[in-house]
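Peer 1: Below is the structure I would like to discuss, written out as structure tokens.
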Amino acid sequence: MSDQAAVLHVKGRVLVGPDDIRDELWIVGGRITYERPQGARDIRTVNGWALPGLVDAHCHVGLGPSGPVADDIAEKQALTDREAGTLLIRDAGSPSDTRWIDDRADLPKIIRAGRHIARTRRYIRGFAHEIEPDDLVAYVAQEARRGDGWVKLVGDWLNRETGDLGACWPRAEVEAAITEAHRLGARVTAHCFAEDSLRDLVEAGIDCIEHATGLTEDTIPLFAERGVAIVPTLVNIATFPQLAAGGEAKFPRWSAHMRRLHERRYDTVRAAYDAGVPVFVGTDAGGTLAHGLVAGEVAELVTAGIPPVEALSATAWGARAWLGRPGLDEGAPADLVVYEGDPRADVRVLAAPRRVVLNGKVVG
Ligand SMILES: [Zn+2]
């Protein structure tokens, strides 16, 4: 016997879009309908403010502090995200094969970017394919085929020779690699903290930049003009002062640079948003950061000066459209989160979902 009602009735305020609000929806056979089902006997009702399942557009499942983790740990990571209301993850690079999650209707949906592609000894050990520029096109093609429509590069990292952040890829190779990814139907994103890699990557046709702390008044218009998105991961950027302190003795220039990027992080995000750069919510969970921080990241975007309804869209309606996944549409898989209050009025309600519904089942 299933403990799940045959029909779920969500009542209250259904936020189909920021300005498209309905009073109720039904879930039949795991899918959303706005037509009251006829003759249903076993109906369970959930009351509150419903949003489409939240998107964490920068999250790593199957990754721990020193690289790949066992499947049971990856499962816990995914369940922690689910509890927080994250039902769609763009995995921004994982050395683990997490395909088995696709067969689990009780775990969040994942859009993978394959494994990170980094320059030799220019990233956290155990995370990435570490290669040289001559091999970039081949590795990007390989990860484009392995992933779900995204490829992840590490665009800049500490350069031990200069003692500062520095770009990892020459323009010609990165342009050829992005062209190849696009030919294979994949979009490309890159980890970038610093200023100096951004122009080349955008001019080479990149689709998105992760962190993007190095945006300046020179590069922001370029991003806006080309519609290149950013995922600021402010809950991760908050750790820059600790990283800087840890690296101070050996790499003082790098340390000072990280502190400067941290100090202006809110101004950077606000300036990008004001210029029309698409901004999305990503927590950078996995690796060193905990899972389940999506509400905190939305709150950080609001702190940076993004209007609450736009910060919500960056994890809900807008993020789903950007990733090509449905929201609360007729016939769509019923992935939604129900809250006690209006999240447009105060995004802090996201921190405590009343009910989480995934593939039509109440899972939290
Ligand atoms: Zn990451």
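No value in this document is a laboratory result; all are computed from the given coordinates. From a predicted model like this one, the values you see are computed outputs, not experimental measurements. FYI the Cβ positions are ideal-geometry reconstructions off the backbone, even for glycines, and counts take in every protein chain you see.
Peer 1: When Rg is the radius of gyration of the Cα atoms in the stretch 54-323 and Rh is its Kirkwood radius, what does Rg/Rh come to?
Peer 2: Values: Rg = 17.0 Å, Rh = 18.3 Å.
Rg/Rh: 0.93.
Peer 1: About the Cα centre of the chain, what is the dipole size in debye to 20, counting +1 per Lys and Arg Cβ and -1 per Asp and Glu Cβ, all else neutral?
Peer 2: Values: 42 positive and 53 negative charges, 126 e Å.
It works out to roughly 600 debye.
Peer 1: Could I ask something else about it? Would you order CYS208, CYS168 from fewest to most other beta-carbon atoms within 10 Å of each residue's own beta-carbon? Walk me through the numbers before you get to the answer.
Peer 2: Values: CYS208 27, CYS168 24.
Ranked by crowding around the Cβ, least crowded first: CYS168, CYS208.
Peer 1: Once the dipole of the chain is set up with Lys and Arg at +1 and Asp and Glu at -1 on Cβ about the Cα centre, which of ALA70, PRO252, TRP169 lies farthest towards its positive end?
Peer 2: Farthest towards the positive end: ALA70.
Peer 1: Here's a follow-up. If I stretch the segment between ARG253 and ALA105 completely, what's the gain in nm (0.36 nm per residue apart, minus their alpha carbon distance), one decimal? Intermediate results must be reported in sequence, preceding the final value.
Peer 2: Working: separation 148, 0.36 × 148 = 53.28 nm, distance 4.78 nm.
Gain on extension, ARG253 to ALA105, equals 48.5 nm.
Peer 1: Among ASP346, ASP103, ASP335, ASP207, rank each residue by its count of other Cβ atoms within 10 Å, from fewest to most, as a rough exposure measure. Intermediate results must be reported in sequence, preceding the final value.
Peer 2: Numbers: ASP346 13, ASP103 7, ASP335 25, ASP207 21.
So the ranking, lowest neighbour count to highest, is ASP103, ASP346, ASP207, ASP335.
Peer 1: Let me ask you something else. When only Cα pairs under 8 Å and 6 or more residues apart are kept, what is the percent relative contact order across the chain? Show your work: numbers first, answer last.
Peer 2: On the way: 857 pairs, mean separation 75.4, N = 364.
21 percent.
Peer 1: While we're on this one: Given R₀ = 45 Å, FRET efficiency for ASP196-ASP71 by Cβ-Cβ distance, to 0.05?
Peer 2: Working: r = 39 Å, r/R0 = 0.87.
Plugging the Cβ-Cβ distance into 1/(1 + (r/R0)^6) gives 0.70.
Peer 1: Would you list LYS76, LYS152 from fewest to most Cβ contacts within 10 Å? Working shown, then result.
Peer 2: Details: LYS76 14, LYS152 29.
Ascending number of Cβ neighbours within 10 Å: LYS76, LYS152.
Peer 1: Residue farthest toward the positive end of the dipole of the chain, with Cβ of Lys/Arg at +1 and Asp/Glu at -1: which of PRO37, LEU153, TRP49?
Peer 2: Value: PRO37.
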